[in-house]
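Here the structure comes first, spelled out in structure tokens, and everything after it is commentary.
The values are calculated or read from the model by the stated rules, or taken from the named source; none is laboratory data. The structure presented is a predicted model; accordingly, all values stated were derived computationally and were not measured. Note that we place each Cβ from the backbone using ideal geometry, even for glycine, and neighbour counts take in every protein chain shown. Note: areas computed on protein heavy atoms with side chains; ligands, DNA, RNA excluded. Shrake-Rupley method; radii C 1.70, N 1.55, O 1.52, S 1.80 Å.
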Amino acid sequence: GHLHRMSASEIISHGDKLFSQRSPILFHWQEIAEHFHYDRATFSVTSNIGTDYAANSMSSVAALARREMGNMYRTMLRPKNFFALGVEGKDFQGAERAWLEWAAGEMRFDMYRRGANFNRSTSVTDHDHVAFGQGVLEVCPTPDREALYYMNHHLKDVVWSDDYANNVETIHRD
């Protein structure tokens, strides 16, 4: 059902159903993580401080390849001036273009400010995408609603459903 037509108990039930349906893939992701992404290998086991989480790995080649590819994502997807504002099909000039360039600079400054957590969150999400084919990145307002900050979530803690056009319709976090 559509979220705007569902009661709170129906939304919770929908989330519980999604978590239940998704549970078999957790073991697959655990296996992938144990070979490619050691620090995310907590899909079906709990890791304690001091545990050698790569002890069962025969070789670190797969994890190193994932690390190298994950590190390349930043360069490929977010070069130094990747952020720009505009309107598709319109070429702004003069004061309009100057305002868009100013606004893009402000947004870039806000994204990369120290408390925004953009670099760390996108980096972790990049590595999740390399290892598991997807990652969860949330953009939130700061408590004072003066700025944004970015958070990565472990795939084991999030489920979502798509609508008819494959757009994310609902998101549930554990």
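Observations, loosely collected:
- Here residue 104 meets the list (1) out of contact with any Leu (no Cβ under 6 Å at 6 or more places or on another chain); (2) over 30 Å from residue 32 (Cα atoms); (3) surrounded by 14 or more Cβ atoms within 10 Å (Cβ to Cβ) almost entirely, failing just condition (1).
- Pairs are defined by a Cβ separation below 7 Å, a sequence spacing of at least 6 or placement on different chains, a first member in the range 65-87 that is under 22 Å from residue 101 (Cα atoms) and in contact (Cβ under 8 Å) with a residue 24 or more places away in the chain, and a second member that is open to solvent by less than 70 Å² (accessible area, probe 1.4 Å) and basic (Lys, Arg); the pairs so defined are 83/108.
- Cβ pairs under 8 Å, 6+ apart, first in the range 89-118 and closer than 15 Å to residue 141 by Cα, second among the aliphatic types (A, V, I, L, M) and assigned to a loop (DSSP other than H, G, I, E, B): 107/85; 110/147; 113/147; 115/147; 116/147
- Here residue 163 passes the criteria (1) closer than 28 Å to residue 39 by Cβ; (2) in contact with a His (Cβ under 9 Å, 6 or more places away or on another chain); (3) not β-branched (Val, Ile, Thr) except the one numbered (1).
- Qualifying positions in the range 116-128 - over 17 Å from residue 106 (Cα atoms) and buried (at least 17 other Cβ atoms within 10 Å of the Cβ): 121, 122, 124, 125, 126, 127, 128
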